[in-house]
Amino acid sequence: MIGQLEQLLGQLDTLLARAIEELGPINTSADLDDWDTRYLGRNRGELKSLSSVMPKLSKEERPVVGQKINEVKKELERHLKEKREELKQRELMLALEQERIDVTLPGRALPAGTMHPISRTIQEVTDIFVRMGFSVLQGLEVENDYHNFQALNIPTDHPARDMQDTFWIAPGEVLLRTQTSPMQIRTMEQYQPPIRVVVPGKVYRNEDIDATHEAMFHQIEGLLIDEVCTMADLKGCLERFAHEMFGPERRLRFRGSYFPFTEPSAEVDISCGLCNGKGCRSCKYSGWLEVLGSGMVHPNVLRNVGYDPKKYRGFAFGMGVERIAMLKYGIGEIRLFSGNDLRFLRQL
Ligand code: DAH
């Protein structure tokens, strides 16, 4: 019987050694669970089957074997616990490794928009006048007949009204402004001379639409009022503007014209940039391109706002922003500006 006892104790030692050896290379929880069932399992675990000999042992042998089994069991459980901890740690490291965020990667950029060519042109033009001491004002798009026409020396039956087909809101009284010129009146009603303002904004005309005409477009109005002011000041100011906007090599031409609110009035042409004034298709072989209207403020207009025409005088001008942009960027079609075609907008 002694030999049998020693054999049994020896088997338990071998079992322990084998179990520990097998534990070494295990590196997944699933394999570890298998190992657990194989050695420590309650039903078919190896330790359990070795313990099944207990009833066959003598009273003296039983505690010896029982103690040994307990030792082996404790030892196996200790190793199991250590291994579980090790695997848990390793799986955590693995997860951290895989889910790692590279904070040095550049972010995904949002597509950036750009300024609309009309807004940009307004910005460029007004900047030039701001550098000459002008302020920038904004006016109303819904105007009344008085400010849009009458106060500008355009009475109800004046033929000049035919040139600006009007969108009426209340016929004869309220309208969508056909020009930015009503802001001349509003500015002079609100401020006293000296006045130097430019006023960009939308204007509306009930016109047939084609490559150079839209029902809504933009203008920039200019007004200067002072005690001393001559046509030479007007010319110098506009020449400075044209040179900064289009280049110092461009020449200006003042052509006598008519506007009800200025006297004398002049239309201003700029030498064609493509042919340098020699004449080409772009300037219809004249060498000149029309850029704006201007003149010395009419005494009636000054009187309408309560200014004394003997004391104050001034000049005014008005330009179409689309026209300026078309000249500057070489665009032949006004409808592109309001067409919202990104292929066009991205080019500028
Ligand atoms: N308001 C005019 C138009 O729309 C443009 C204009 C001409 C404005 C001469 C002015 C000016 O201030 O002096 O046709």
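The values are calculated or read from the model by the stated rules, or taken from the named source; none is laboratory data. It should be emphasised that the depicted structure is a prediction, and the values quoted were computed from it without experimental measurement. Counting neighbours? That spans all protein chains shown, and the Cβs are built from the backbone with ideal geometry, glycine included. Each accessible area value is taken on the protein alone, full model and side chains, heavy atoms only, with ligands, DNA and RNA left out. Shrake-Rupley method; radii C 1.70, N 1.55, O 1.52, S 1.80 Å.
Tabulated values for the structure
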{"quantity": "Surface per residue (accessible, 1.4 Å probe) for the chain, Å²", "calculated": "58"}
{"quantity": "Spatial extent of the chain: Rg and Dmax, with the Cα atoms as the point set, Å", "calculated": "46.9, 142"}
{"quantity": "Additional length obtainable on full extension of the chain from Glu141 to Thr28, 0.36 nm per residue less Cα span", "calculated": "33.1 nm"}
{"quantity": "Partnerless cysteines, meaning none of the other Cys C-beta atoms lie under 4.7 Å away, in the chain", "calculated": "Cys229, Cys237"}
{"quantity": "Stretchable slack from Thr212 to Gln192, in nm (0.36 nm times residue separation minus alpha-carbon distance)", "calculated": "3.4 nm"}
{"quantity": "Distance (nanometres) between label positions extended 7 Å along Cα→Cβ at Val103 and Gln123", "calculated": "3.5"}
{"quantity": "Pairwise FRET efficiency - Met231 versus Ser338, Cβ, R0 = 35 Å, nearest 0.05", "calculated": "0.45"}
{"quantity": "Positive dipole terminus of the stretch 117-347, leading residue within Tyr307, His218, Cys272 (C-beta point charges)", "calculated": "Cys272"}
{"quantity": "Projected area, mean over directions - the stretch 93-222, Cα convex hull, nm²", "calculated": "15.3"}
{"quantity": "Projected label distance in nm at Leu87 and Leu274, using a 7 Å step from Cα toward the beta-carbon", "calculated": "8.2"}
{"quantity": "Within the accessible area of the chain (1.4 Å probe), percent carbon and sulfur", "calculated": "52"}
{"quantity": "In order through the stretch 129-136: 3J(HN,Hα) via Karplus (6.51 cos²θ - 1.76 cosθ + 1.60), integer Hz, x for Gly, Pro", "calculated": "6, 4, 5, 8, x, 7, 9, 10"}
{"quantity": "In range of the label at Glu71: residues from the stretch 42-62 whose backbone nitrogen is under 18 Å from the point 7 Å along Cα→Cβ", "calculated": "47-48, 50-51, 54, 60-62"}
{"quantity": "Global size of the stretch 2-98 as Cα Rg and Dmax, reported in angstrom", "calculated": "16.2, 58"}
{"quantity": "Glu97 accessible area, assembled protein chains, probe 1.4 Å, Å²", "calculated": "110"}
{"quantity": "Rounded to whole Hz, the Karplus (6.51, -1.76, 1.60) HN-Hα couplings of the stretch 250-259, x for glycine and proline", "calculated": "7, 9, 10, 10, 9, 10, x, 8, 9, 9"}
{"quantity": "Amide N proximity, the stretch 1-33 versus Leu94 label position 7 Å along Cα-to-Cβ, cut-off under 11 Å", "calculated": "27-31"}
